[in-house]
1. Which members of the range 46-57 meet the condition of being of a type outside the set (F, W, Y), touching a helix residue (DSSP H, G or I) at 6+ places or on another chain (Cβ under 8 Å) and outside any helix (DSSP H, G or I)?
2. With the requirement that a residue be more than 17 Å from R52 (Cβ to Cβ) and modelled with pLDDT under 90, what does the range 94-109 give you?
3. Restricting the search to the range 112-145, which residues are within 14 Å of R6 (Cα to Cα) and surrounded by fewer than 18 Cβ atoms within 10 Å (Cβ to Cβ)?
4. Within the set of pairs 6 or more residues apart or between chains, which connect a residue that is in contact (Cβ under 8 Å) with a residue 12 or more places away in the chain inside the range 107-124 to a residue that is among the polar types (S, T, N, Q) and part of a strand (DSSP E or B) with Cβ atoms less than 9 Å apart?
5. Considering each of A12, A31 in turn, give the residue that is loosely packed, with under 13 Cβ neighbours inside 10 Å and within 18 Å of the chain's Cα centre (by Cα).
6. Which members of the range 55-74 meet the condition of being surrounded by fewer than 17 Cβ atoms within 10 Å (Cβ to Cβ), touching a residue at least 12 places away in the same chain (Cβ under 8 Å) and in contact with a Phe, Trp or Tyr (Cβ under 8 Å, 6 or more places away or on another chain)?
7. Of the residues I75, I64, only one is at pLDDT 95 or above, over 16 Å from G10 (Cβ atoms), assigned to a strand (DSSP E or B) and β-branched (V, I, T); which?
Amino acid sequence: MEYYQRTQYGFALLTPTLLVAVPFIVIGLLAEQPGFVGFGVFFLFLCSLFYRLVVTVREDVVEIKFGVGLIKKRIKLAEVVAVRPVRNRWWYGWGIRYFPGGYLYNIWGLDAVELQMKSNPRYRIGTSDPVGLTGAVQARIADRY
């Protein structure tokens, strides 16, 4: 059962990638240069991997999926001991990153929700709805007790 789902789109990645990929493909096709077409298709493939971030809170996990879903992470709620909204530093960046003390999954912006795990690492999940995501995770954690 799904308790919460939020999708964020990475326009900061999507726009420049398309601005590079489409001209390479068009020029490659017109000039019959397969290398240009291949380069453009590669950029489109990268775009498909990271164009959005979907965060879903289910019965027992928080699921994070990038793009078409090839890159994903499942965090067991049984392992979460605390959750809170946070603001990332701008230099933590976007994508899947290590930050001091844990891992960041972010596609856009600075707002995130931090999950403190029993085993001590922290996971930060970028979101445009930190209050809603925090509430959904806290509700699922509270149901355990």
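1. Result: V55, V57.
2. Once the filter is applied, which keeps residues that are more than 17 Å from R52 (Cβ to Cβ) and modelled with pLDDT under 90, the range 94-109 yields F99, P100, G101.
3. S128, D129, V131, G132, G135
4. Going by the 9 Å Cβ cut-off, the qualifying pairs are I107/Q8; W108/Q8; G109/Q8; A112/N106; R122/Q116; Y123/Q116; R124/N106.
5. A12
6. Passing the criteria: R58, E59, I71, K73.
7. Result: I75 is the single residue among I75, I64 that is at pLDDT 95 or above, over 16 Å from G10 (Cβ atoms), assigned to a strand (DSSP E or B) and β-branched (V, I, T).
To keep it simple, each residue is scored yes or no on (1) over 16 Å from V61 (Cβ atoms); (2) among the β-branched types (V, I, T).
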| residue | (1), (2) |
| --- | --- |
| K72 | no, no |
| V83 | no, yes |
| W90 | yes, no |
| I96 | yes, yes |
| G109 | yes, no |
| P130 | yes, no |
| R140 | no, no |
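The values are calculated or read from the model by the stated rules, or taken from the named source; none is laboratory data. Keep in mind that this is a model prediction, so the values were computed, not measured. Every residue, glycine as well, gets a Cβ built from its backbone with ideal geometry; the counts of neighbours run over all protein chains shown.
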